Amino acid sequence: MALIQRSPMPGLGLSMGITLTMLSIVVLAPIGALLVQGAGFGLAGLWDTINRPRVWAALSLSFRLSLLAAAFNLFFGILLAWVLVRYRFPGRRLIDAAVDLPFALPTAVAGIALTALYAPNGAFGSLAREIGWKIAYGQWGIFIALVFVGLPFVARTVQPVIEEIDREVEEASATLGASRAYTLRRVIWPMLMPAALTGFALSLARAVGEYGSVIFIAGNIPLKTEIAPLLIVIQLEEFNYNGATAIGLAMLTISFALLLAINLIQIWSRRRIGHV
Amino acid sequence: MTSHPRNEPLMLTTIRMSRHISAQGPKIHDHADGRVTIRDGARTLTGWPVARVIRSAIAILALSVAALGGAPQARAEALLNVSYDPTRELYRDVNAAFAKHWQDQGHPAPRIETSHGGSGSQARSVIEGLKAQVVTLALASDIDRIAQAGKLPADWQASRPHNSSPYTSTIVFLVRKGNPKAIKDWGDLVAEGVEVITPNPKTSGGARWNYLAAWAWAERNGKDPKAFVGDLFRHVPVLDSGARGATTTFAQRGIGDVLLAWENEAYLALKELGADQFDIVVPSVSILAEPPVALVEANIETPEQRALANAYLDFLYTPQGQALAFKHYYRAWDTSAAAPEDVARFPALDLVDIGHFGGWAKAQPEHFGDGGIFDQIYTGK
């Protein structure tokens with residue numbers, strides 16, 4: 001009837017109390033405040049604020065480029081993690097450490113550095129300009145900044161999974177007659193997919209909310225290169241808290257829908273594969 | 001020591017006996033000090049019920065939150081000046097000069113801090129509770145906002161000379177050395193192939209002055225101001241969020257042919273980035289930008305602090321304070337103590353003031369509000 005347990009962790013009560021309190025203070029309270037502010041504004045007011053060409057343009061730009069950047073990171077992050085785990089080469093540890101740099105660098109610094117590189121008079125920007133390709137102050141610039149801030153997520157979530165995959169699995173697949181592409185598609189990818197999708201979702205979520213680095217490299221021209229977080233800042237500058245809340249809620253709703261969809265895909269893939 | 005009747009309904013209670021050991025079982029006894037005893041098979045165990053542990057955990061958290069939130073009380077001789085972006089260099093000198101001036105009058109050394117940022121967001125911080133005793137912002141409309149929040153009287157601008165603006169500035173053009181696009185006046189900005197750099201009027205106080213100066217020129221020259229300003233902003237390839245960002249885009253990134261800038265920013269760019277790279281072009285018409293100062297009544301705690309804050313703002317109007325403003329490329333009022341060369345460098349030009357636009361209370365919503373004329377440039381309504 002009774003149960004005595006020894007645990008290195010503090011008791012259930014203490015850990016639960018701290019967890020819930022911290023979660024409330026740090027996450028739930030700000031989101032709750034956003035919802036309360038939105039409720040005070042009313043649904044009609046929210047919709048009127050959001051349903052304007054400029055807001056739609058900004059939301060579509062933010063989510064489109066974030067999805068593209070996350071997709072790029074999905075591919076490049078897996079590749080990067082694969083190289084770091086499977087191959088031994090000089091400087092591997094350095095590169096491994098460099099993957100985390102986008103986390104450590106203040107985003108404003110990253111934005112200014114990227115702008116300096118990709119501006120028409122910068123090192124890469126001047127090369128691109130010769131072939132008539134404008135990077136900074138356009139959508140390409142935003143894309144590059146979003147790739148930069150989201151890169152570590154996929155690489156870091158996939159890396160431990162790749163470490164767990166035995167080479168023998170691939171060899172077995174090969175001896176049974178599978179081609180390299182078939183092995184990749186039917187053996188490796190199913191094992192990687194849950195972690196890769198988590199990394200994709202994290203990278204996407206990070207990109208959607210990114211302000212600091214993008215603001216320097218985007219041209220911020222309304223309807224063309226104006227991201228949704230900038231519109232929120234503009235509303236705040238006008239002391240229009242309701243307008244800012246409306247756009248914030250729109251972003252929250254779309255992000256939630258996207259993350260939900262990604263989670264559903266993950267659940268579906270787990271059922272299909274049966275493990276991992 | 002009394003025991004509960006054995007036929008009481010079975011209730012499991014979780015207790016903690018030491019830091020790492022917890023146990024669960026039916027409660028059989030409550031002790032006077034709050035501990036409980038539970039039955040564990042043949043043994044009985046005594047410890048603190050977990051609910052109580054949660055309560056004490058919450059108490060500890062509440063205490064630590066209170067410790068984080070309860071900032072130390074500002075000392076009377078401390079002063080926080082919340083200012084806008086391009087005044088960093090000016091107030092660094094003013095603070096040092098004022099501290100000396102204050103001590104010379106027999107007071108203890110004051111502790112003066114200055115915070116800089118975009119004018120609008122600085123105003124918002126003060127509204128939301130930043131304990132600034134003094135605000136020195138780019139636009140009267142930003143201080144009006146603080147007044148609307150009840151932190152200072154609505155007629156604050158009448159309380160000091162010159163609309164409470166101890167110094168003024170205007171908007172000039174910064175062009176590349178030799179002026180390759182031959183830009184002389186506002187009309188040249190909309191010529192084919194000219195790229196204009198200005199910050200975003202929605203996020204930058206300075207950019208609102210840029211916009212209004214262009215408007216005033218068009219009016220004076222018999223053009224449709226709305227069409228002219230719209231045309232002007234179609235020549236803008238990058239809208240930075242603040243004045244310093246726009247200066248960087250123009251000067252460091254090499255974007256654009258002309259930068260619309262605060263006069264003091266333009267001179268500073270010449271000084272910092274090299275007079276061999278840029279020229280200043282003064283247009284025929286520009287705007288009289290009046291960055292006002294005010295005392296935030298609601299944040300004054302003691303009479304001593306009020307005296308200090310008032311003396312600080314009054315110091316800006318003294319010949320010494322005015323000389324510092326001239327030195328930092330502001331057009332101040334009193335030239336008596338200023339270096340002659342600091343005064344002589346300002347060319348005379350036709351300056352239109354904000355009263356021409358009906359004051360900020362009218363101009364702000366009409367031009368820069370949500371759906372206002374500036375928004376219509378881009379949404380085409």
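Looking at the range A:199-220, is at least one residue among the acidic types (Asp, Glu) and touching a helix residue (DSSP H, G or I) at 6+ places or on another chain (Cβ under 6 Å)?
Yes; the residues of the range A:199-220 include at least one that is among the acidic types (Asp, Glu) and touching a helix residue (DSSP H, G or I) at 6+ places or on another chain (Cβ under 6 Å).
Would you list the helices (runs of 4 or more DSSP H) that sit entirely within the range A:17-133 and hold 1 or more residues that are touching a Gly at 6+ places or on another chain (Cβ under 6 Å) and either of a type outside the set (Lys, Arg) or surrounded by fewer than 13 Cβ atoms within 10 Å (Cβ to Cβ) (or both)?
Counting at least 1 such residues, we get A:29-41, A:43-50, A:53-86, A:107-118.
Does B:Gln364 qualify as being touching a Phe, Trp or Tyr at 6+ places or on another chain (Cβ under 7 Å) and either in a loop (DSSP other than H, G, I, E, B) or crowded, with 20+ Cβ neighbours inside 10 Å (or both)?
no
Do we find a residue being surrounded by fewer than 24 Cβ atoms within 10 Å (Cβ to Cβ) and of a type in the set (Ser, Thr, Tyr) anywhere in the range A:219-229?
Checked the range A:219-229: no residue is surrounded by fewer than 24 Cβ atoms within 10 Å (Cβ to Cβ) and of a type in the set (Ser, Thr, Tyr).
Quick check on B:Tyr378: is it within 23 Å of B:Arg160 (Cα to Cα) and surrounded by 14 or more Cβ atoms within 10 Å (Cβ to Cβ)?
No, not satisfied.
Can you tell me which residue in the range B:340-381 is modelled with the lowest pLDDT, limited to those that are of a type in the set (S, T, N, Q) and farther than 17 Å from B:Leu288 by Cα?
Filtering the range B:340-381 for residues that are of a type in the set (S, T, N, Q) and farther than 17 Å from B:Leu288 by Cα, the one modelled with the lowest pLDDT comes out as B:Thr379.
Please find, among B:Gly254, B:Gly230, the residue that is within 14 Å of chain A (Cβ to nearest Cβ), surrounded by fewer than 19 Cβ atoms within 10 Å (Cβ to Cβ) and in a loop (DSSP other than H, G, I, E, B).
Checking each option against the conditions leaves just B:Gly254.
Pairs under 9 Å by beta carbon, first residue in the same structural domain as B:Ile28 (by TED's automatic domain parsing) in the range B:41-56, partner of a type in the set (S, T, N, Q) and modelled with pLDDT under 65, six or more apart or different chains?
If the second residue must be of a type in the set (S, T, N, Q) and modelled with pLDDT under 65, the pairs left are B:Trp48/B:Ser56.
What are the residues in the range A:230-244 that are more than 7 Å from every other protein chain (Cβ to nearest Cβ), surrounded by 20 or more Cβ atoms within 10 Å (Cβ to Cβ) and touching a residue at least 40 places away in the same chain (Cβ under 8 Å), if any?
Within the range A:230-244, A:Leu230, A:Leu231 meet the criteria.
If B:Gly242 satisfies all but one of (1) surrounded by fewer than 22 Cβ atoms within 10 Å (Cβ to Cβ); (2) under 30 Å from B:Gly372 (Cα atoms), what's the number of the condition it fails?
Just one mismatch for B:Gly242, condition (1).
Scan the range B:233-249 residue by residue and report those that are in contact (Cβ under 8 Å) with a residue 40 or more places away in the chain and within 11 Å of chain A (Cβ to nearest Cβ).
Once the filter is applied, which keeps residues that are in contact (Cβ under 8 Å) with a residue 40 or more places away in the chain and within 11 Å of chain A (Cβ to nearest Cβ), the range B:233-249 yields B:Phe233, B:Arg234, B:Val236, B:Pro237, B:Val238, B:Leu239, B:Asp240, B:Ser241, B:Gly242, B:Gly245, B:Ala246, B:Thr249.
Would you be able to tell me the number of residues in the range B:183-196 that are of a type in the set (A, V, I, L, M) and part of a helix (DSSP H, G or I)?
Here the count works out to 2.
Test A:Gly11 against the criterion of being within 14 Å of another protein chain (Cβ to nearest Cβ), on the phi < 0 side of the Ramachandran plot and touching a strand residue (DSSP E or B) at 6+ places or on another chain (Cβ under 8 Å), and give yes or no.
Yes.
Restricting the search to the range B:257-272, which residues are under 22 Å from the mean Cα position of the chain (by Cα) and in a helix (DSSP H, G or I)?
Within the range B:257-272, B:Glu263, B:Asn264, B:Glu265, B:Ala266, B:Leu268, B:Ala269 meet the criteria.
Restricted to the range A:32-61, and to residues that are more than 12 Å from chain B (Cβ to nearest Cβ) and either among the aromatic types (Phe, Trp, Tyr) or touching a strand residue (DSSP E or B) at 6+ places or on another chain (Cβ under 9 Å) (or both), which residue is nearest to B:Thr379 (Cα to Cα)?
Of everything passing the filter in the range A:32-61, A:Trp47 is nearest to B:Thr379 (Cα to Cα).
Please work out which one of (1) within 14 Å of another protein chain (Cβ to nearest Cβ); (2) in contact with a helix residue (DSSP H, G or I) (Cβ under 7 Å, 6 or more places away or on another chain); (3) touching a residue at least 24 places away in the same chain (Cβ under 8 Å) is the condition B:Ser286 fails and give its number.
Exception for B:Ser286: condition (1).
Test each condition in (1) within 24 Å of the chain's Cα centre (by Cα); (2) among the small types (Gly, Ala, Ser); (3) modelled with pLDDT under 90 for B:Gly254 and report the one that comes out false.
Unmet for B:Gly254, out of (1) within 24 Å of the chain's Cα centre (by Cα); (2) among the small types (Gly, Ala, Ser); (3) modelled with pLDDT under 90: (1).
The values are calculated or read from the model by the stated rules, or taken from the named source; none is laboratory data. Keep in mind the model is a prediction, meaning the values are calculated, not measured. Methodologically, a virtual Cβ is constructed for each residue, glycine included, from the backbone with ideal geometry; neighbour enumeration extends over all protein chains shown.
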